[in-house]
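Here's the structure, in C-alpha cells; my notes come after.
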Amino acid sequence: MAVGTEITQPVSVIGSAPVRDLPSDTCYRDTENGIAWNNTWCQPHSGGRHFPDAPERRLPPLHKKGNIYRVDSCSTMPGSGLADMDTAGGLNFKLVLRSGVSFDTGGRHYMEDEHILIDNLVDHIDPLLMNMTPSSYYGVFDGHGGRDAAQFAKEKLLKYIVQDASFPVSVEKAVHEGFLNTDKAFAEACRMGNCASSGTTAITVLILGREVFVANVGDCRAVLSRKGKAVDMSRDHKPWCKQERLRIEALGGYIHDGYLNGQLGVTRAIGDWHIDGLKGAGCPLSGEPEVRRFLLSEDDEFLIIGCDGLWDVLSSNLAVEFARKRLQQHNDPARCCRELVAEALHRDSSDNLTVVIVCFQASPPPKFSSNLGVRKSISLQGLKDLQGALDSR
C-alpha cells in the first residue's frame, strides 16, 4: 500500500467496543511525514463507554498543518495521575512519529513472521473511544509451526486491548488482558477449525501521547535508543532465563537441552494449544505478557522492534549503534530497517527476520562531540629520567 493511502473499513463490534476491521496489508499510514504532538495522551471524558472512576479530563484541540498533526498541551484535573508524570523531557517536547519496516525469510524456506504498523489509530478505532486523540500501534509476531497464530494475533490483538473494560482508564491492564483474550480466542478458533494449530511470540508497542506501553510474550525484543544508549524495553522469555525457569519448575515443567519440556525454544507464546501438557491451566507455557510503561522525553531517539532472527546475531547495543549511524546518514527509518536486515543476513542469521523502527523526532540522532581536551602528562619517574639525562650532558 502506498504511504499516505486513506483506509476506510467497516466497523465490527467485539464486546461493547466498536473497532474498525484492519485491512490485510501490513503497513497502515495516516500521513507521509508522520504525526507530531506534545505532552501526554488525554483520555476521553464524554461519549462512548462510561467509566465512573475516571477523572474528567479536558481534551486538547487537534490541528493539522500539511501532513503533520499537532495537539496542544493537555489540561489535567488534580488526581488524574497525569499531573504527576515525569516532565524531564519538557512540557513542550514535540513528538514526531516516523516508522518503517523490513523483513526477509532469512535462513528459512518460508515466512512465518507478521507485523503491523499504524501511525494513527484514530483511523482504525471508534472515535468515541479515542476522541480524535493521536495514538499509534506497532507489533511484530514471530510464528512457529505455521503462520496462523501470528496472523491471528496481528489481526485481533489490538481489538481485544481496546474492547477491554479497563481501556482507556488502565491501559496496562487492558494490554495484559488483551494478550490473554487473544490467546483464548485463538484456542477457540483452532477448536472450531478456523485456524491451523501453531504458535507465535509477540511484541506490541502502543503509543498514547508521550506514554509508551511495551508488551511481549516470547523472544521478540524492543530496544530504545536514549541519547545514543541502548535500553532494553522488554525481556526475552527464553528457557535459560532464571526467572522463567523457576516459574516453569514450580508448575511441574522442565528445561531439556535448552527447550521447554524438550519441545519449545521459548517459555511464553500465544497459541501452541495443540501440544499436550504445554499449554493450559497449571501448564508451563504461558500466554501472559510482561507490560512495561515509560514516558518519552527529548532524549529518546528511536525504538527498534525485532524478532529473534535479528537479536540472535546482533546485541541490543550493536543494533542501536548500527541504526543510529545509518539514521544520521539518511534519516530514513524504512531504509534503516532494510540495512539492519541486510546486516543480520550478512552475520548468517538462520531465522526469519522482521525489523520495525519507530523514530520519535523529525531530525536524525545528533552526533555527540567531546569537549574533553587531550591532557598530556609525564610521570614522576619520567621527570627524574629526563633530569638525569640533562645532568649527564
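Tally Lys and Arg at +1 and Asp and Glu at -1 over the other residues with C-beta under 9 Å from the C-beta of PHE322: what net charge comes out?
On the way: positive: ARG324, LYS325, ARG326; negative: GLU321, GLU339, GLU343.
With Lys, Arg at +1 and Asp, Glu at -1, the neighbours total 0.
Mind giving me the nanometre distance, one decimal, between the label points for LEU318 and ALA334, set 7 Å out from Cα along Cα→Cβ?
2.8 nm
Compute the FRET efficiency between MET111 and ALA281 as 1/(1 + (r/R0)^6), taking r as their Cβ-Cβ distance and R0 = 30 Å, and round to the nearest 0.05.
On the way: r = 33 Å, r/R0 = 1.10.
After rounding, the FRET efficiency stands at 0.35.
If I model a spin label at GLU249 and SER166 as a point 7 Å from the Cα along the Cα→Cβ vector, what separation in nanometres do I get?
In this crude spin-label approximation the distance works out to 3.0 nm.
Under the 0.36 nm per residue contour assumption, what length would be gained going from the current alpha-carbon distance of LYS184 and SER363 to full extension? Can you show the working numbers first?
On the way: separation 179, 0.36 × 179 = 64.44 nm, distance 4.23 nm.
Going from the current span to full extension adds 60.2 nm.
Compute the length gained on full extension between TYR259 and HIS274: take 0.36 nm times their separation in residues and subtract their Cα-Cα distance, giving the result in nm to one decimal.
Extra length available between TYR259 and HIS274 comes to 3.7 nm.
Let me know the shape class of region 173-321, please: from the alpha-carbon gyration tensor, a ≥ b ≥ c as square roots of the eigenvalues, rounded when a/c is under 1.5, otherwise prolate if a/b is greater than b/c, or oblate. Please list the in-between numbers first.
Numbers: a/c = 2.19, a/b = 1.54, b/c = 1.42.
Since a/c reaches 1.5 and a/b is larger than b/c, the shape of region 173-321 is classed as prolate.
Strictly over 23 Å apart at the Cα level, which of LYS159/LYS238; LYS156/LYS229; LYS154/LYS229; LYS94/LYS227; LYS159/LYS229 would you flag in this model?
LYS159/LYS238; LYS156/LYS229; LYS154/LYS229; LYS159/LYS229
If you take every residue apart from ARG245 with its C-beta less than 15 Å away from the C-beta of ARG245, what net charge results, scoring Lys and Arg +1 and Asp and Glu -1? Please list the in-between numbers first.
On the way: positive: ARG235, LYS238, LYS242, ARG247, ARG268; negative: ASP219, ASP236, GLU244, GLU249, ASP257.
Counting the neighbours of ARG245, the net charge comes to 0.
Quick one: which of 318-330, 152-164 comes out on top by average Cβ neighbours within 10 Å, and what's the full order, highest first?
Working: 318-330: 18.2, 152-164: 24.2.
Output ranking for 318-330, 152-164: 152-164, 318-330.
For an R0 of 25 angstrom, estimate the FRET efficiency from the Cβ-Cβ distance between ARG191 and PHE294 and round to the nearest 0.05. Provide the component values of the computation, followed by the final result.
Details: r = 38 Å, r/R0 = 1.51.
Computed FRET efficiency for ARG191 and PHE294: 0.10.
Every read-out reported here was derived from the displayed coordinates using simple, explicitly stated rules and does not represent laboratory data. All of these numbers come straight from a predicted model, not from anything done at the bench. Don't worry about glycine lacking a Cβ; one is built from the backbone with ideal geometry, like all the others, and counts go over all protein chains shown.
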